[in-house]
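To start, the structure itself, in structure tokens.
No value in this document is a laboratory result; all are computed from the given coordinates. Note that the structure is predicted; figures quoted are calculated from it, not measured. Ideal geometry is used to build each Cβ from the backbone, glycine not excepted, and the neighbour counts take in all protein chains shown.
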């Protein structure tokens, strides 16, 4: 069912090593700041790994991902606050709700193509933003202040967390959020790899690269695009819920344009459409952000320079560049062994896979 | 006797050099004009007993928006903290240890920016205090980060949520201080202000009606609701409570409602200067005999530049900011001479004052505490709670259990126990607003607005 091959084994080995390292990090006594930043990295990497399915693999110019993220976060928070249910349960419900929400968005947008999809999905996100910040009606009173249903411009808070404070104590609770977000990223990444290498992934790519040919082979463009939209929404919504539970607050700023551009830059830097691209991009952009924190005045220029450099020097993103280096290195090693015949055979088997 | 902690104990010997006295310090520093402003800070120089600030530096953090929509204010906060640290260091720092300000950018604010920035200050720089202007969008979620570290966190978020959070668990949030009154006090303060104007004969209210117009942001809504809820207490009746969708430039429908039932006062709690200027430009050609009060926007030059003559007579207020008295003027001069005439000392005064009284409290407590040194930080926070500080913003005294600055004259009748809720009036659109209340800080008399006096 799923395509396998040398790259699959390489990716699996690399993934296992990466997970082992990430699991070990909290035991090495890092600072709380480091743990917090890695938690945020896991959350953003989850979002962009799913966005990559829609944007990079299926070629849909959707900017709705942060709207879905916000839906998941607000749904989790609201269920915790208004229904008083456990945030764990709320998180799962929010994930499922995010699928329905994305289907509604998809039904409205996917009849369109190209930049029109981008415009309409961005408009939906901005409408959500406006609905939240113009929510001034008093939903309930708390002391002398009235609380809005969505939290309004202040943000939605006081819906609790995942219980790690009680479970692990105030000094260690961040590790609970850390492992939760890591677990989410692992699931989302496995899901993403599975989709990309399944027949569904080939269908998405066919409709991206040559829609007329794909349709002539019996692929229903609208149905497949709606499918990828819905599938990517589940983990995005969960990421929103984890974000809300981690920070114990969620506000309209998650729908802001600077954050949207920050996440898009992760995909561009990492390599659109590549399985490792979003994770690598998230890591590079967050590292760049970290490195430039002491140079506030030129930070935005630094971002710009980084993105321009990546686009010009590595048009297939950092993941594409690494892929080329990997292939070159492998050829050199095999050539040293005199195994050019085996290399040719392997090239044949892996040829299709390199395109991902 | 001052007990000094490990790391702050002064080595006796060659390294120890004294300056003769506080008077000499001020003279030497060229701060003769420091005058009354130095009265509280002079206490620090006395405690320091003439020692120079040559010990191990104490990192002091500022989590301020250096980029994003609030960057202009953020740079003022940064300047204010830098100026305070410099002055404190000239007085010998804290028991001989100089202050070293470090900053993290809270960018567009919100919990995802504020919490990592504060955690970075605590982990990387190991700051002994975080002293901010304002940050929005975290809804006090950052208090837990502070509670885990225990260092004093002094901010000016002007947010009533602070009361609820600290009040809910004063022991856990012992080091979280809001150094200005909550926005709620704008509401009741306004009702008291117009009542005082009427009672003292400075203005004769044509009726007891107030029209309230609010924007859509929580800040505006909380103030509008507080006005509405406190109106009856001062004998006023709300004739109109209107929520407008912002941004707004077309005020026709709202003005028509106001003209249909002219109130004694119109209070607009929406704060964007260009929107407010548009209101005045549309109101003045066909005015009602009402006072016009507006929130925040008239503090900014853009309001007067857009509205021009139409803005003369407008009232506005701030619960925190440098006063225009002798102490304030000295501060303005020092601030502008260091950072240039285009710098904004009004907002920079927030971390400036806070840093001064944190330094005094720390010196009195025997030194500062690093993250995790809860016992020492408890002592510092206890001093902050108990001390009353007279700075460039007036008096700072914290109300317990929620540890927010008390506002004067609404919360206390004693000007020495509260931060003045300053009411200003634009009397000439070419100049900044004049401070007309409260006593004894006012620098100009209230004037009947031109659309009423004719």
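With one equal scatterer per alpha carbon and no solvent term, the Debye-computed log10 I(q)/I(0) for the range B:202-285 at 0.11, 0.18, 0.19 1/Å reads -0.28, -0.77, -0.85. Here is the size of the range A:1-130 from its Cα atoms: Rg then Dmax, 18.2, 52 Å. Which whole-number percent is the relative contact order of the range A:118-239 (Cα, under 8 Å, 6+ apart)? Normalised by residue count, the contact order of the range A:118-239 is 12 percent.
Expressed as a whole percent, the proportion of Cα-Cα pairs in the range B:261-330 lying more than 14 Å apart is 60%. Average projection, convex hull of the Cα set of the range B:245-393: 12.9 square nanometres. Computed over the Cα atoms of the range B:185-238, the ratio of the radius of gyration to the Kirkwood radius (Rg/Rh) comes to 0.99. Extension gain, residue A:209 to residue A:172: 0.36 nm times the residue separation minus the Cα-Cα distance gives 8.5 nm. One decimal place: the segment residue B:416-residue B:69 gains 121.4 nm when fully extended, by the rule 0.36 nm per residue minus the C-alpha distance. Along its three principal directions, the equivalent ellipsoid of the protein assembly as shown from the Cα gyration tensor extends over semi-axes of 52, 35, 22 Å, largest first. Partner shielding of B:128-138 amounts to 2, given as the average count of beta-carbon atoms from other chains within 10 Å of each residue beta-carbon.
Relative contact order of chain B, please, whole-number percent, based on alpha carbon pairs below 8 angstrom and at least 6 residues apart. If you can, show how the numbers build up before the last one.
Details: 992 pairs, mean separation 79.5, N = 454.
This gives 18 percent for chain B.
In this calculation the C-beta distance from residue A:130 to residue A:300 is compared with R0 = 25 Å, giving a FRET efficiency of 0.50. Just to be sure I understand: if I project the alpha-carbon convex hull of the range B:105-209 onto a plane and average over all orientations, what area do I get in nm²? Averaged projected hull area, Cα only: 9.0 nm². The protection proxy used here, the mean number of other Cβ atoms lying within 10 Å of each residue, ranks peptides A:199-209, B:251-261 as follows, highest first: A:199-209, B:251-261. Inverting the pair-averaged 1/r between distinct Cα atoms of the range A:6-255 gives 19.2 Å as its Kirkwood hydrodynamic radius. In this entry, the range A:100-200 is assigned a mean projected area of 10.6 nm², taken as a quarter of its C-alpha convex hull surface. Relative to the first principal axis of the alpha-carbon coordinates of chain A, what is the inclination of helix A:221-247, with its axis defined by its Cα atoms, in degrees from 0 to 90 and to the nearest 10? Orientation of helix A:221-247: about 50 degrees from the principal axis.
Taking Cα atoms only, the orientation of helix B:374-386 departs from the longest principal axis of chain B by about 50 degrees.
With a simple spin-label model that places each label point 7 Å from the Cα along the Cα-to-Cβ direction, the separation between residue A:261 and residue A:142 comes to 3.3 nm. With no solvent and one point on each alpha carbon, what is the Debye value of log10 I(q)/I(0) for chain B at q = 0.08, 0.12, 0.13 Å⁻¹? Ignoring solvent entirely, the Cα scatterers give -0.47, -0.99, -1.13.
For the peptide B:249-261, the mean number of other protein chain Cβ atoms found within 10 angstrom of a residue's Cβ is 0. Label positions at residue B:302 and residue B:378, each projected 7 Å from the Cα along the C-beta direction, are separated by 4.8 nm.
Nearest-5 percent of antiparallel DSSP beta bridges in the protein assembly as shown? Walk me through the intermediate numbers first.
Values: 19 of 52 bridges.
Here the antiparallel bridges make up roughly 35 percent for the protein assembly as shown.
From Cα pairs below 8 angstrom and at least 6 apart in sequence, can you work out the relative contact order of the range A:6-255, rounded to a whole percent? Mind dumping the intermediate values first?
Numbers: 356 pairs, mean separation 95.6, N = 250.
Reported as a whole number, the value is 38 percent.
Percent antiparallel among DSSP beta bridges with both residues in chain B, to the nearest 5? In chain B, DSSP labels about 30 percent of beta bridges as antiparallel. Note on chain A: with a GNM built from Cα contacts shorter than 10 Å, the maximum mean-square fluctuation among A:87, A:263, A:119 falls on A:119.
Using just its DSSP H runs of length 4 or more, each adding -39500 (n - 2.57), the protein assembly as shown gives a mean residue ellipticity at 222 nm of -16500 deg cm²/dmol after division by all residues. Modelled spin labels at residue A:18 and residue B:385, positioned 7 Å past Cα toward Cβ, are 4.9 nm from each other. Highest GNM mean-square fluctuation among A:283, A:24, A:157, for chain A modelled with Cα contacts below 10 Å: A:24.
Taking only the C-alpha atoms of the range B:311-454, Rg followed by Dmax gives 17.9, 64 Å. For the Cα atoms of chain B, what angle does the longest principal axis make with the long axis of helix B:326-339, in degrees from 0 to 90, nearest 10? Taking the Cα atoms of chain B, the angle to B:326-339 is about 70 degrees.
For the range B:156-251, the pair-distance distribution built from all alpha carbon pairs, in bins 5 Å wide starting at 0, is 3, 12, 18, 18, 16, 14, 10, 6, 3, 1, 0 percent. Applying Stokes-Einstein at 20 °C and 1.002 mPa s to the Kirkwood radius of the range A:63-120, computed over alpha-carbon pairs, gives a translational diffusion coefficient of 176 µm² s⁻¹.
Which value does Rg/Rh take for the range B:64-147 over its C-alpha atoms, Rh per Kirkwood?
With Rg and the Kirkwood Rh in hand, the quotient comes to 1.00.
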